[in-house]
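Below: the structure, in structure tokens.
The values are calculated or read from the model by the stated rules, or taken from the named source; none is laboratory data. In this text the structure is predicted, and so the values were computed from the model without any measurement. Every residue, glycine as well, gets a Cβ built from its backbone with ideal geometry; the counts of neighbours run over all protein chains shown.
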Amino acid sequence: MALGTLILLAALAQAPAPACATPQHRALDFWIGDWDVENKAGTKLFGTNHVASEERGCLIHEYWKSKLGPTGQSMNFLDDTTRKWVHVWVGEGTMYRFEGSPVGPDKLVLYGDNRIPGTDDIVRFEATWSKEPDGRVRKLWRYTKDGGATWTVFLDGWYKRRAAK
């Protein structure tokens with residue numbers, strides 16, 4: 001074996017793991033895939049979603065398309081400074097930002113102060129992604145105007161994995 005090949009093999013053996021390969025970075029991997037987004041009963045289709053792991057596992061990128069036409073995207077990542085997950089959603093005329101942490105296996109809960117569309121009201125939002133026992137993923141967003149005494153559901157989408165084509 002040539003000396004150059006031996007040096008290369010030694011360097012590869014000592015190479016650190018990719019920066020985003022920790023279990024904390026994998027907290028939202030259950031959401032990766034192609035989805036139909038429905039109500040809980042599965043009787044109403046809201047739209048479709050493609051969720052991809054990008055940037056060598058450092059970014060979960062969501063591509064949303066509503067059944068009614070509007071689209072949007074989110075960027076989801078673990079902030080290496082705060083060690084919190086960040087979700088930034090941008091759609092037609094809307095932007096939301098949340099941050100938080102996993103609360104157990106297959107569940108992520110994030111919070112952010114965001115504007116209710118069509119109003120000047122900035123309220124506390126809670127956004128939860130959870131892998132459900134039936135294999136679906138639930139994305140529940142709700143908000144409070146009274147410090148958490150009461151909550152209003154803003155979005156309740158149930159993600160059913162799309163059949164492979």
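Restricting attention to region 97-113, the residues being hydroxyl-bearing (Ser, Thr, Tyr) and more than 21 Å from Ser53 (Cβ to Cβ) number 1. Scan region 27-54 for residues that are under 17 Å from Asn76 (Cβ atoms) and either of a type in the set (A, V, I, L, M, F, W, C) or in contact (Cβ under 8 Å) with a residue 12 or more places away in the chain (or both) and the total you get is 15.
Answer with yes or no whether Glu92 is of a type outside the set (Lys, Arg), exposed (fewer than 13 other Cβ atoms within 10 Å of the Cβ) and either farther than 22 Å from Glu54 by Cα or modelled with pLDDT of 95 or more (or both). Quick ask: steps written out before the conclusion?
Numbers: of a type outside the set (Lys, Arg): yes; exposed (fewer than 13 other Cβ atoms within 10 Å of the Cβ): yes; either farther than 22 Å from Glu54 by Cα or modelled with pLDDT of 95 or more (or both): yes.
Yes; evaluated as a whole, the condition is true for this residue.
What number of residues within region 33-56 are surrounded by 16 or more Cβ atoms within 10 Å (Cβ to Cβ) and more than 19 Å from Thr94 (Cβ to Cβ)?
First, the residues of region 33-56 that are surrounded by 16 or more Cβ atoms within 10 Å (Cβ to Cβ): 34-38, 46-49, 51, 53.
Cutting the leftovers down to more than 19 Å from Thr94 (Cβ to Cβ) gives us 34-36, 38, 53.
Count: 5.
Between Gly69, Gly112, the distinction of being surrounded by 14 or more Cβ atoms within 10 Å (Cβ to Cβ) and of a type in the set (Gly, Ala, Ser) belongs to Gly112 only.
Of everything listed in (1) among the acidic types (Asp, Glu); (2) surrounded by fewer than 16 Cβ atoms within 10 Å (Cβ to Cβ); (3) within 18 Å of the chain's Cα centre (by Cα), the single unmet condition for Glu62 is (2). Given the criteria in contact (Cβ under 8 Å) with a residue 24 or more places away in the chain and surrounded by fewer than 16 Cβ atoms within 10 Å (Cβ to Cβ), does Arg161 qualify? Taking the combined requirement at face value, the residue satisfies it. Contact annotation: residue pairs with Cβ atoms under 6 Å, 6 or more positions apart or on different chains, pairing a residue in region 55-80 that is under 22 Å from Gln24 (Cα atoms) and part of a loop (DSSP other than H, G, I, E, B) with a partner that is among the β-branched types (Val, Ile, Thr) and modelled with pLDDT of 95 or more, are Asp79/Val86.
So if I check each of Arg97, Arg124, which one is without any contact (Cβ under 8 Å) to a residue 60 or more places away in the chain and over 17 Å from the mean Cα position of the chain (by Cα)? Steps first, answer last, please.
Values: Arg97 fails: over 17 Å from the mean Cα position of the chain (by Cα).
Among Arg97, Arg124, only Arg124 is without any contact (Cβ under 8 Å) to a residue 60 or more places away in the chain and over 17 Å from the mean Cα position of the chain (by Cα).
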